[in-house]
Each structure stands twice: as C-alpha cells, then as structure tokens.
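Here is the structure we will look at, set down as structure tokens.
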Amino acid sequence: MKEDERRLFLMTCIGGAAVVAAGAVAYPVISYLAPRKGKDDSGVVTIPEKELPSDGAKFFQFHGKAAVVVRKMDGSLSALSAVCTHLGCIVRWEAKQGEFLCPCHGGRFATDGKVLGGPPPRPLEQLKVTVANGVITIG
Ligand code: FES
C-alpha cells in the first residue's frame, strides 16, 4: 500500500513538472506567433511633444515597424516609416546634416522622406501626424 502511495505521489509530481515545462515552452512560441497588439485598437501612437528634441527625431514602433517623427526646418512635424525603401534597414537620424542616413548602403533621406542620395528607389513612407495640446498623434 505504501508503495502505491509513493508511486502515485511520484507520478503526480512528474505530471505537474511536465505541465509546467510544456507551458514554459508553449508560452513564448504562442506569444511570438500571435498578432501584436498596439497600445490601443486604433493603431494610433501618441507621444508627448516635449519628448521630441528641438533638433532631433524620436523613433517609435508603429504597427510593429520602426517609425520616426522629426521636426522640420519650418517647425512643422513629419512622421515617417524608418524602414529604408532599398532593402529594409532602419535609418538613423543625423542631426548635424538634418537628414536620415541608412547605415546599410548609404541611402539618405530628407525630413519629408524624399530620397537625397544612394540606392533607395522611393521616399520613406509618410505617416499621418497631428499635434494638439502638446501631444503628437501618429496614425
Ligand atoms: S537598405 Fe538602405 S540604402 Fe540599402
């Protein structure tokens, strides 16, 4: 009888450990495969205007992809996809030049997304941007 109780206890422990191990493997896989949720259902991103440097750019995720908002020379804002239209590298902001540079093949883009040089075939995708009450809204 004692042997049966010990066997039952051992099998319960092994079964419990197997369930925990299966969950530990399944959770990251399911999380990776599941569609990403934005901050809200509309896919709109909001950024406090004070977080945008006066001569700089603020990068963020928009619909799961890199995007950037930048203040143009005239003071207005431009929101762009930060994905280079050549082969998909993420552009970086070059404050001294006031333009975006793709580190992969040297593509250059203006603050409105226009191609300034290098191999990119198209401008960076423009995103809708508005500002109200100190909040930048993209999307
Ligand atoms: S990927 Fe950007 S220039 Fe080639």
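Summary table below
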item: Any pair with Cβ under 9 angstrom, 6 or more apart, that starts in the stretch 84-96 at a residue that is free of Cβ contacts under 8 Å to residues at least 12 places away in the same chain and ends at one that is near the ligand (Cβ under 6 Å from one of its atoms) and part of a loop (DSSP other than H, G, I, E, B); result: G88/C104; R92/C102
item: Index of the failed condition, P123 passing every other in (1) out of contact with any Lys or Arg (no Cβ under 8 Å at 6 or more places or on another chain); (2) within 16 Å of the ligand (Cβ to nearest atom); (3) in a loop (DSSP other than H, G, I, E, B); result: (1)
item: Lone qualifier among D41, D74, D55 - being at pLDDT below 85 and exposed (fewer than 10 other Cβ atoms within 10 Å of the Cβ); result: D41
item: Any hit, the stretch 78-93, residues being away from the ligand (no atom under 16 Å from the Cβ) and part of a loop (DSSP other than H, G, I, E, B); result: no
item: Filtered residue count, the stretch 103-139, keeping only those that are hydroxyl-bearing (S, T, Y) and free of Cβ contacts under 8 Å to residues at least 60 places away in the same chain; result: 2
item: Among the candidates L87, L77, residue that is farther than 16 Å from T111 by Cα and more than 14 Å from the chain's Cα centre (by Cα); result: L87
item: In the stretch 92-132, the residues that are under 19 Å from D55 (Cα atoms), under 20 Å from the mean Cα position of the chain (by Cα) and of a type in the set (S, T, N, Q); result: T111, T130
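The values are calculated or read from the model by the stated rules, or taken from the named source; none is laboratory data. Small disclaimer: the values here were computed from a predicted structure and weren't measured. Neighbour counts are summed over all protein chains in view; Cβ atoms, including those assigned to glycine, are modelled from backbone coordinates with ideal geometry.
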